[in-house]
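Asker: This is the structure I want to talk about, given as structure tokens.
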């Protein structure tokens with residue numbers, strides 16, 4: 001275990017339909033680096049994860065209810081994918097506001113697979129270069145971002161750092177870049 005994220009608290013925003021490995025691998029990476037990962041869920045309930053959007057996985061208890069969270073309480077944000085998870089979250093104005101709270105404050109955000117849909121909804125991608133699941137590229141471009149096909153993309157422009165990856169196969173590179181970005185946050 002390293003201590004790169006000691007005294008850092010990282011939010012993971014998710015709901016039913018989250019891709020299980022895109023929740024568990026980043027959470028484990030944060031904890032292995034000495035940080036605290038907090039699962040933030042609308043309604044503060046238990047959520048159902050999935051494998052490949054169709055096979056039910058484990059259920060996970062929320063650590064915090066989105067309604068009682070403020071981006072200022074965290075040192076970073078993780079947006080896991082799964083098709084259903086961000087699609088449900090983007091229907092909630094409070095979820096987009098939560099995401100925008102991180103970007104407005106200059107706090108790093110890490111999003112994988114379909115997770116960048118929340119960044120599209122929060123309208124924070126102008127001038128950013130990112131990757132995602134390929135089907136989001138038009139959404140990213142329409143939101144003012146530049147899309148590229150890469151295992152991991154780190155973009156530090158516009159006063160906040162964004163780490164993105166395409167799919168679960170990219171998790172090793174994603175989690176490494178994510179921890180580095182979160183470790184760079186001034187305390």
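The values are calculated or read from the model by the stated rules, or taken from the named source; none is laboratory data. Remember, predicted model here, so these are calculated numbers, not experimental data. Glycine gets a Cβ as well: all are built from the backbone with ideal geometry, and neighbour counts include every protein chain shown.
Asker: Which is buried (at least 24 other Cβ atoms within 10 Å of the Cβ), closer than 21 Å to residue 51 by Cβ, in contact with a strand residue (DSSP E or B) (Cβ under 7 Å, 6 or more places away or on another chain) and touching a residue at least 60 places away in the same chain (Cβ under 8 Å), of 174, 182?
Answerer: Going through 174, 182 in turn, just one is buried (at least 24 other Cβ atoms within 10 Å of the Cβ), closer than 21 Å to residue 51 by Cβ, in contact with a strand residue (DSSP E or B) (Cβ under 7 Å, 6 or more places away or on another chain) and touching a residue at least 60 places away in the same chain (Cβ under 8 Å): 174.
Asker: Go through the stretch 78-144 and tell me which helices (runs of 4 or more DSSP H), entirely inside it, have 3 or more residues that are at pLDDT 95 or above and under 13 Å from the mean Cα position of the chain (by Cα).
Answerer: Helices (runs of 4 or more DSSP H) meeting the threshold: 84-89, 93-105, 117-122.
Asker: Return the residues of the stretch 145-165 that are touching a helix residue (DSSP H, G or I) at 6+ places or on another chain (Cβ under 7 Å), surrounded by 20 or more Cβ atoms within 10 Å (Cβ to Cβ) and assigned to a loop (DSSP other than H, G, I, E, B); say none if nothing qualifies.
Answerer: 161
Asker: Which numbered condition trips up residue 27, out of (1) over 15 Å from the mean Cα position of the chain (by Cα); (2) on the phi < 0 side of the Ramachandran plot; (3) part of a helix (DSSP H, G or I)?
Answerer: Status for residue 27: all satisfied but (1).
Asker: Of everything in the stretch 3-17 that's buried (at least 23 other Cβ atoms within 10 Å of the Cβ) and assigned to a loop (DSSP other than H, G, I, E, B), which residue is nearest to the chain's Cα centre (by Cα)? Outline the logic, then answer.
Answerer: Here is the first cut: in the stretch 3-17, the residues buried (at least 23 other Cβ atoms within 10 Å of the Cβ) are 5, 10-15.
Still in the running and assigned to a loop (DSSP other than H, G, I, E, B): 5, 14-15.
Values: 5: 17, 14: 8, 15: 12 Å.
Result: 14.
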